[in-house]
Every structure is written in C-alpha cells, then in structure tokens.
Amino acid sequence: MQTHKTIIRDLKPKKFGKRDTIWTISLIVIILIGLVAYIDQLITGQEVTNMRDYALWGIYISNFVFFVATSFVGTVTVAILRLTNNSWRTPLVRIAEIISVAAIIMAGITIMIDMARPDRLLNLFIHARLQSPITWDVVIIPTYIVISLLLLYFPLIPDFAILKTHFKKKEPKLSKFYGKLALNWTGSKAQKLLQEKSIRIIAIMIIPVGLLLQTIDAWLFSTTYRIGWDSTNFAPYFISGAFVAGVGALVTLIYIIRKAKRLENYITDYHFDKLGKLLALACLIYLYFNINEYVIPLFTAKKGELVHLETLFTGSYSILFWAVTIIGLIVPIIVLLFKKGRKPNTMFVIGLMVVIGSWWKRFVIVTPTLLHPFLPIQGVPESWRHYFPSLHEWLITFATLAMAFLIITVCVRYLPVIPIQRTIDEMEASEANNKNTES
C-alpha cells in the first residue's frame with residue numbers, strides 16, 4: 001500500500017514553482033505580442049507580410065505543415081504501441097498524446113492565420129468542393145482533433161478517479177474537478193472492459209485518419225503541378241518526415257519533463273535507448289525518401305526542375321538546405337547508431353537538432369518552390385521574386401509556437417504525465433510474476 005502512495009505522490013500533478021510561473025508568463029507575453037501583430041495584419045492587410053505574387057505561401061504554411069507533422073507521433077505511433085501492448089511505452093504515451101493534441105489544435109489555428117479573410121472561413125464548408133484537397137483538409141483536421149482528444153482522455157479516466165480521492169481533503173475544489181472528469185469511475189470489471197475496448201477502437205480509428213491527414217497535406221502541394229512539388233513521392237515523403245519531427249519533439253519534451261518533475265525512476269535510460277532506436281529508424285527512412293526526392297530528378301528533370309535543384313544544392317537556399325539535411329538528419333543517424341548516443345543528455349541535444357531541422361525543412365519545402373513559378377510572372381518588382389518572413393510573420397509564428405507550449409504546459413500542470421493506474425497495475429503484475437518465479 002505504501003508503494004501505491006509513493007507512485008501517486010510521484011506522479012500526481014504538482015503546483016507550479018517559480019520557474020514554471022516565469023515560463024508560463026513568458027509564453028503568455030509572446031502570445032500577446034503575436035496577437036497584436038495579427039490584429040494589425042487583419043486591419044492593414046497582407047501587405048505587412050512579405051508574401052507577394054511569387055510567394056503566395058510563406059512561413060505560416062511551413063509552420064502549419066510542421067504542426068501537422070509533429071501531431072503524427074502522439075496518435076499513430078502511440079496507437080500502434082497501444083495495439084501491440086509494448087510495456088515500455090507506459091511512461092511515454094501520455095506525453096506523446098499531449099504533444100499531438102497541442103500540435104493539431106495549433107495546426108488548425110495556423111491555417112486560419114494564413115487566410116487574408118478569416119471571416120470567410122465558413123465558405124469552406126458552405127461552398128466546399130470535393131475535388132479540392134483543401135476541402136479534405138477542412139474535414140480531416142477537426143476529425144483528427146476530436147479523435148486525438150478522445151485518445152488522450154479515455155486512458156486518463158482511472159487516474160482522475162485516483163486524483164479525486166487523493167485531493168479530497170487537501171484540495172476539495174481540485175478533487176471535485178477531477179471527480180467530474182472521472183465519470184463515476186469505480187474500477188469495476190465492466191468499466192475496465194468498456195474502457196479497454198473504447199481505447200482499442202479509437203487507436204484503430206486514428207491510424208488511417210493520421211495517415212490520411214499526412215497524405216492530404218502532401219496532396220495540397222503535389223496537386224498544384226509546381227516544380228519541386230509535382231511528385232508522386234510526396235505522401236510517403238511527408239509521412240516519414242512526420243515520424244522524424246514527432247519523435248524528435250517527443251524526445252525533447254520527455255527529457256524536459258523528466259528533469260523538471262524528477263521522474264528518473266519512471267523514465268529511465270532504457271526508455272531513451274528505445275526512443276533513440278525509433279528516431280534512428282525514422283531518420284533513415286526519411287533520408288531514403290529525401291534521396292528519392294532530390295537525387296533521382298537530377299538524372300531525369302526538365303530545365304525548370306534543374307533550376308529549382310540548383311537553388312537548393314548550390315544556390316541561395318543551399319546553406320539552409322544542407323544544414324537541415326546534415327545537422328537535422330545525417331548527424332542524428334550517425335550519433336544514434338551508437339549506444340552512448342542514446343543516453344538522455346545526448347538524446348536531448350539530438351532531439352533539439354531534429355526538431356529545429358524539421359521546422360526549417362518545411363520552410364525549404366515551401367519557399368524555394370514558390371519562387372520558381374510554373375509560368376513566370378511579368379512586370380513585378382525584383383523584391384517580389386525573393387521571400388523571407390517579415391517581422392509580423394515572425395511574431396505571429398513565435399506566438400503560435402508559444403501557444404502550443406502553453407497548451408502542453410497547462411496539460412502537464414493538471415494531468416498526470418505518466419499513467420498512475422497503469423503504473424500500479426504493472427508493478428503489481430511484476431510482483432506477482434516474481435512471487436510465482438520464487439515459488
């Protein structure tokens with residue numbers, strides 16, 4: 001019984017300390033600054049951005065694609081781990097699900113920010129055209145948000161019941177809050193069977209929805225017939241890139257939460273080793289698709305495609321292209337192949353490299369292609385033939401990233417980031433197995 005109390009004490013949500021408060025206030029300030037910039041963008045118009053006739057999309061779309069990719073790990077990867085009953089996943093899955101929810105919510109908001117007339121958002125539903133991938137995106141993103149929330153919520157129900165009892169005397173208001181979320185959970189056999197069945201159904205549902213979301217995201221690009229996007233390889237290319245971005249984000253956040261909440265006894269070197277192997281595999285697969293995407297066209301491309309590739313390999317975007325390829329992909333693969341490279345501290349650095357590289361990779365996918373239009377635009381200023389985000393765009397982008405962090409911070413504050421009930425159940429099962437072995 002004392003062991004159970006220890007687990008609950010270690011894993012229960014804890015009040016913010018001084019550092020947590022400073023962190024939260026900093027995020028809110030960044031969000032408010034971005035909100036002011038966005039209001040000015042709405043009032044003044046898109047002229048405050050550097051998006052012009054050439055660069056119709058910019059940093060907002062890069063950010064949108066990054067959020068969609070990051071959300072992939074908390075749903076599809078976790079769903080697969082749940083369905084295969086991998087026991088090592090227990091301390092990691094909820095953090096992954098929180099990342100997924102935060103990322104997909106911000107993906108939806110980011111795409112609205114990119115609209116010059118968000119007041120016309122309803123037209124996407126009223127005048128939807130099924131032949132347009134944008135319509136599919138409008139349908140699939142809300143669906144994905146709902147399923148992601150359900151995948152996060154259902155496994156939490158037993159923990160809410162535990163927290164309701166735990167906080168009953170010390171913090172009755174918090175106890176009442178958790179009690180409502182617990183839905184009268186008593187832990188009966190019927191409830192457990194229903195919960196397990198529900199989680200399994202949701203996990204099965206979210207795999208095709210997640211794959212479809214990444215595919216539609218890729219089709220938004222490839223159906224434009226633009227040089228650099230006109231590829232049948234784009235859907236698997238996006239899916240493999242999503243694994244890299246998602247696992248990188250998961251590694252980074254797990255390290256921070258482990259250190260901040262002192263969860264070294266629950267998230268061990270073993271878990272980082274497993275995540276390191278998963279990240280190495282994801283990077284290798286993504287590297288393969290990068291080779292297909294960039295090397296093969298060198299031998300078969302038309303003149304326009306060659307101009308685009310030269311821009312990436314040796315031209316104005318070459319430094320950024322090679323930086324995200326080498327630092328964000330090749331170096332992580334080399335480091336993660338060795339056991340020492342899969343230790344927590346090293347993994348944190350690698351995770352950061354991968355996440356930053358993944359974000360800039362989306363920028364490289366979006367921007368250079370737009371600067372090489374299918375038909376050259378005549379009579380436009382020379383400055384319109386180049387693109388780099390304006391101050392407004394940067395402030396709004398940082399605000400969306402801060403908002404994602406704020407959602408994660410609030411979830412980490414009020415939700416047990418490691419499943420309490422499942423950890424107790426696994427401990428009891430382990431003790432029972434030990435007793436049977438001894439006897």
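Tabulated results
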{"quantity": "Peptides 232-245, 146-159 ordered by average Cβ neighbours within 10 Å, highest first", "calculated": "232-245, 146-159"}
{"quantity": "Residue-normalised accessible area of the stretch 12-420, given per residue in Å² at a 1.4 Å probe", "calculated": "48 Å²"}
{"quantity": "Percent accessible area from carbon and sulfur atoms, the stretch 12-420, protein chains only, probe 1.4 Å", "calculated": "69 percent"}
{"quantity": "Total formal charge among the other residues, if their Cβ is under 13 angstrom from that of residue 221, Lys/Arg +1 and Asp/Glu -1", "calculated": "-2"}
{"quantity": "Helical segments meeting 18 Å axial Cα length and Kyte-Doolittle -0.5 threshold in the chain (DSSP H)", "calculated": "18-44, 59-72, 90-113, 133-153, 189-222, 234-260, 269-294, 344-370, 391-414"}
{"quantity": "C-alpha center-to-center spacing [the stretch 289-335, the stretch 152-184] in angstrom", "calculated": "51 Å"}
{"quantity": "Loop trypsin sites (Lys or Arg not before Pro), the stretch 116-185 (other Cβ atoms within 10 Å of the site Cβ: 14 or fewer; DSSP)", "calculated": "129, 168, 169, 170"}
{"quantity": "Entry for Rg and Dmax of the Cα atoms in Å (calculated from the structure that is shown) out of (i) 21.6, 69; (ii) 21.9, 64; (iii) 23.3, 87", "calculated": "(iii)"}
{"quantity": "Candidate lysines for bridging to residue 15, where Cα separation is under 23 Å - those fewer than 8 sequence places away on the same chain excluded", "calculated": "5, 164, 168, 169, 170, 173, 176, 180, 259, 261"}
{"quantity": "Stretchable slack from residue 169 to residue 24, in nm (0.36 nm times residue separation minus alpha-carbon distance)", "calculated": "49.4 nm"}
{"quantity": "The stretch 12-420 - charge dipole about Cα centre, Lys and Arg +1 at Cβ, Asp and Glu -1, debye rounded to 20", "calculated": "2400 debye"}
{"quantity": "Fluctuation leader among 276, 187, 228 - the chain, Gaussian network, Cα springs under 10 angstrom", "calculated": "187"}
{"quantity": "Gaussian network model of the chain, springs between alpha carbon atoms under 10 Å - residue of 364, 68, 417 with greatest fluctuation", "calculated": "364"}
{"quantity": "Shape call, the stretch 142-292: gyration tensor on alpha carbons, a/c limit 1.5", "calculated": "prolate"}
{"quantity": "Selection of trypsin sites (Lys or Arg not before Pro), the stretch 267-365, meeting DSSP coil and at most 14 other Cβ within 10 Å", "calculated": "302"}
{"quantity": "Most to least packed among 13-22, 401-410 [average Cβ atoms within 10 Å]", "calculated": "401-410, 13-22"}
{"quantity": "Pairwise label distance in nanometres, residue 129 with residue 300, each label 7 Å out on the Cα-Cβ vector", "calculated": "2.9 nm"}
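The values are calculated or read from the model by the stated rules, or taken from the named source; none is laboratory data. A quick note: this is a predicted structure, and the numbers were derived from the prediction, not measured. Don't worry about glycine lacking a Cβ; one is built from the backbone with ideal geometry, like all the others, and counts go over all protein chains shown. These accessible areas exclude ligands, DNA and RNA; they are computed on the full protein's heavy atoms, side chains included. Shrake-Rupley method; radii C 1.70, N 1.55, O 1.52, S 1.80 Å.
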